[in-house]
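For reference, the structure discussed in these notes is given below.
The values are calculated or read from the model by the stated rules, or taken from the named source; none is laboratory data. As the structure is a prediction and not an experimental result, all values here were calculated from the model. Cβ placement follows ideal geometry from the backbone for every residue including glycine, while neighbour counts extend to all protein chains displayed. We work out accessible area using only protein heavy atoms, side chains counted, and drop any ligands, DNA or RNA first. Shrake-Rupley method; radii C 1.70, N 1.55, O 1.52, S 1.80 Å.
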Amino acid sequence: MILEVKDVDYYYKNNENKLILQNINLQFDKEMVYAILGPSGSGKSTLLSLMAGLDVPTGGKILFCEKEIKKKYLNMYRRNNISLVFQNYNLIDYLTAEENVRLGGKKDSLQILNSVGISKEESKRLVLHLSGGQQQRVAIARALASDAEILLADEPTGNLDEDTEGEIIALLVKTAHELKKCVIVVTHSNILAQQADKIILLEKGKIKSS
Amino acid sequence: MNFFNRAVLSVSRRKIKTILLMLIVMTIFCFEVAIVTCKNANIKVQKGAVDIIERSLRLELNDTDYHQRLEKVPVTRLPNGATLSQTPNNQFESILMEDIEVIAGLPGIDSYNITTATFAANPVNFRRIEDENADQYSDQRGITLRGNLDMQKDKDIISGTLQLKEGRWANIDDKNVCVISEELAQKNNLKIDDKISFNDYRDKAGSKIYEAQIIGIYMNSKLINQAMAGDTYRGENLILVDLRFPEKVTGCEGDPLYQNATFFVEANADYGRVKNLIKEANINWKRYDLLDDSGNAEVLCENLGSISKICQVMFWFCIVSGTVILFLNFVFWIKQRIREIGIFISLGKSKLEIIGQFLTEALIIFLTAITVSIFLVPFIGKKMTNYIVLEQEKLEKENNQIVEQQIEGPDIHNEEIISEVEVTIEKSSIVKMGLVTMSMIVIAVFSAGSPVIKKSPMIILSER
């Protein structure tokens, strides 16, 4: 078990009465693809953010390799153990594809980009000059450039057409199974859910099934 | 990729934003340096004028004594019942030649000049310059005569207001000569050696006509005002003549009216000692005032001192407004980059590193702006300084005119002696203002960035 969410509650500090997440208990392993599903407002993205170390739970704890993630080490946790992929790619617009990947880590960026289907010529372009699918590939390449064992993705196929969605899902599955990483994906996509090794269903901030 | 590399790439690839910020920084920096330069500008006065004026003393009639004497003069009762105090002759209100000669003979006095009062005279064989825009309700349709013993020591000539274009100035030995303005010469097609005639404006038809030979033509480096109401409304109608000429034209031959006498101290003499010697001279001091013209330079400096105050106010205004403008720009700049901040946070970059990148970008923009500004600052500094000084001078002139209309008295104006403003951009000013601008930028980046950086990463990412 690489990541554990234990008795986690979360509410916004200005509205303590409204629980976003309530008594969440989950465990995640390497070489697995997890799909977190649920209607809008069910707390999927908040859960992902807590696992990504972007905030700390108001109750309970998150453990990485059985060690609790402390608030003061969140930066280090994010830098070394987590890589994130977003729906809107979140690439730095004034950098090229290769430079964006280099932000993620010290690995050979051109080789990683090549492995996700970005040619050498495309990797020299500013990311704004790439298509949506290519940008998401670059985002995944950036995530793979780090040595992080957990890849968290928030609606990674939300902005893509069906063909590209399939390619990105394949890439995520490959990342989990071949690169031996733990891939946790928040999604509405049934195709992605079907490819996942495990599905977690959230509803009104509670786990309905896992 | 470290934050410095990212900063360089951000600045070089977001060209429009970079150029806009650079222009703002350049403008603020140029204004700061220009204002400091203006404050430190060396307002040069005509060297010769100051040298001479600073070593001169002027003898004028004492106003109080004059009015006391006037009160003792029998009053003429007019048919309408009003009373009129009329001076018995010109001597009554003139500096006396015997007193002038006493002072002129003292050790340490190098030379002296006597200037008559200004007189209106009727131009007989030439026409004056007209000014239809002037209010001429009391115009006698005349020109102005001013006599000098040694014309080149006339105050307007020393100050450079009147400059010789052709011919020469009159000296002590000249009789029945004049120097006219180039405008008057042009209008009447007059040249050197021509003779022009005048008579008494109060009796244009019957009074005796006097001729004066033109020995010089002057030009006005600055517009001079009319010398007195009732004679002429244009400075170009001033005709400089030899000392004894005005009294003839006004029908007072042998009874001159000398308004002042200026004594020039020898270059190697002790000014203070000579001044004391003059004060001890055996003349009727009740009748006179001895004006220390060196004080004029002090008055001038005081007047120009207000420029320094103006610059001080402008400097602080520029600093405060510059900081506000920079702050608002950086707030906008950082607000546009919230998404970028979120991405860096999600990648595990520390907040310090993110602010460090923004600060580096701002400093790169600052350094580029400063480099470009260094070439612009001398031009802007000079323009601004000249503008402020000339405006100040204009203001002083207007104030003097107002005072002149209200008070009759000795003419001790000195505004004409400013000849140019020397503007030097000092390296220390550039360095100081560079540091000030840099501090403003650092403050602006930190104060604009810290509210964003303080937020939770999750909130920053949700704001994108």
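Things to note:
- Of all beta bridges that DSSP places with both ends in the protein assembly as shown, some 70 percent have antiparallel geometry.
- Based on alpha-carbon atoms, the Kirkwood radius and the radius of gyration of region A:55-145 give Rg/Rh equal to 1.08.
- With a 10 Å cut-off around each Cβ of B:335-345, the average count of Cβ atoms from other chains is 3.
- Lysines with Cα under 27 Å of residue A:198, excluding same-chain neighbours fewer than 8 positions away: A:6, A:30, A:44, A:61, A:67, A:174, A:180, A:181, A:206, A:208
- Convex hull of region A:103-210 built on C-alpha atoms - directionally averaged projected area, nm²: 7.4
- The GluC sites (Glu not before Pro) of region A:1-93 meeting both criteria, a DSSP state outside H, G, I, E and B (loop) and at most 12 other C-beta atoms within 10 angstrom of the site's C-beta, are A:16, A:66.
- Rounded, prolate or oblate (a/c below 1.5 giving rounded, otherwise prolate when a/b exceeds b/c) for region A:66-114 by Cα gyration tensor: prolate
- Chymotrypsin sites (Phe, Trp or Tyr not before Pro) restricted to region B:155-205 and DSSP loop, no more than 11 other C-beta within 10 Å: none
- Computed with a 1.4 angstrom probe on protein heavy atoms, the A-B interface buries about 2100 square angstrom of accessible area in total.
- Among the residues of A:73-83, the average count of other protein chain beta-carbon atoms within 10 Å of the residue beta-carbon is 3.
- Counting DSSP beta bridges with both ends in region A:33-182, the antiparallel % (nearest 5): 40
- Euclidean distance of C-alpha centroids, region B:422-459 and region A:127-159, integer Å: 36
- Net length gained if the chain between residue B:68 and residue B:195 were fully extended (0.36 nm per residue, minus Cα distance): 41.5 nm
- When each of the peptides B:182-191, A:52-61, B:243-252 is scored by the mean number of other C-beta atoms lying within 10 Å of its residues, the order from highest to lowest reads B:243-252, A:52-61, B:182-191.
- Here the mean projected area of the convex hull built on the C-alpha positions of region B:64-205 is 12.9 nm².
- Rg and Dmax [Cα atoms of region A:1-60; Å; Rg one decimal, Dmax integer]: 11.8, 38
- Value at 222 nm in deg cm²/dmol, rounded to 500, when DSSP H runs of n ≥ 4 in the protein assembly as shown each add -39,500 (n - 2.57): -14500 deg cm²/dmol
- Largest first, the three principal axis extents of the alpha carbons in region B:83-161 are 51, 42, 24 Å in whole numbers.
- With Cα atoms as the point set, the radius of gyration and Dmax of chain A evaluate to 16.7, 53 Å.
- Along principal axes, Cα extents of the protein assembly as shown, largest first, whole Å: 128, 57, 48
- Peptide B:6-19 has a mean shielding of 2, counted as Cβ atoms of other protein chains within 10 Å of each residue's Cβ.
- The relative contact order of region B:91-160, computed from alpha carbon pairs under 8 Å that lie at least 6 residues apart in sequence, is 36 percent.
- Each label was represented as a point 7 Å from its Cα along the Cα-to-Cβ direction; for residue B:431 and residue A:128 these points are 4.1 nm apart.
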